[in-house]
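Presented below is the structure to which this report refers.
Nothing in this text is a laboratory measurement; each read-out follows from the coordinates by a stated rule. This structure is a prediction, so every number in the text was calculated from the model and none was measured. Cβ coordinates were reconstructed from backbone atoms using ideal geometry, including for glycine residues, and neighbour counts include every protein chain displayed.
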Amino acid sequence: MPGEADRRAVGPRAGWVRARRLSRRPGRSGTTGSAAGTDFWRRTAPGVNDLAFRLSGSSDIFRQPGRGPEASINFVTAHDGFTLRDLVSYEAKHNQANGEDNRDGTEDNRSWNCGVEGDTDAATVLVLRGRQIRNLLVTLLLSAGVPMLVAGDERGRTQLGNNNGYCLDDQPPGWTGRPTRSVND
């Protein structure tokens, strides 16, 4: 049950769980938290004003006495979802390798495949994906608060569209540690 983990969270983790939950729901003017940057670059958010407000700390949601935006952790991807490369390469999850008939993992990835699902050799798509990755990274790094990057996202790590990598028995084939064309173009 999704709300069960939220009720059990205490201490520092409680704020993170609440922020993560809120970041996946519509806010007063569109999206909140980490979803705002992703939705802006997918052109599904209300606009630049909403993005700017979210990047400056979302005080309408998170304002507490003695805590400013620097108390927040900002992220585009996390351990339990798409990698950054997969976020711009897949519209839908591809969790068949998990042995659960693709039923595991969330359907709400807030992703955009730039016109082609999965890996491609199409130069225009690779250029667009590289630009989207840079847009998302710059958005993350310019946000008020502490940025969080998942290991390998800066190098183009992929889980081949699998958004529930903990179910994989072996290391996904995309974890090579080497830069990829889609990131470095």
Once fully extended, how much extra length lies between Thr106 and Ser56, figured as 0.36 nm per residue of separation less the alpha-carbon to alpha-carbon distance? 15.2 nm
Could you work out the percent of alpha carbon pairs in segment 83-136 separated by over 12 Å, rounded to a whole number? 64 percent
Per-pair calculated FRET efficiency, R0 = 45 Å: Val48 and Ala122 via Cβ, rounded to 0.05: 0.95
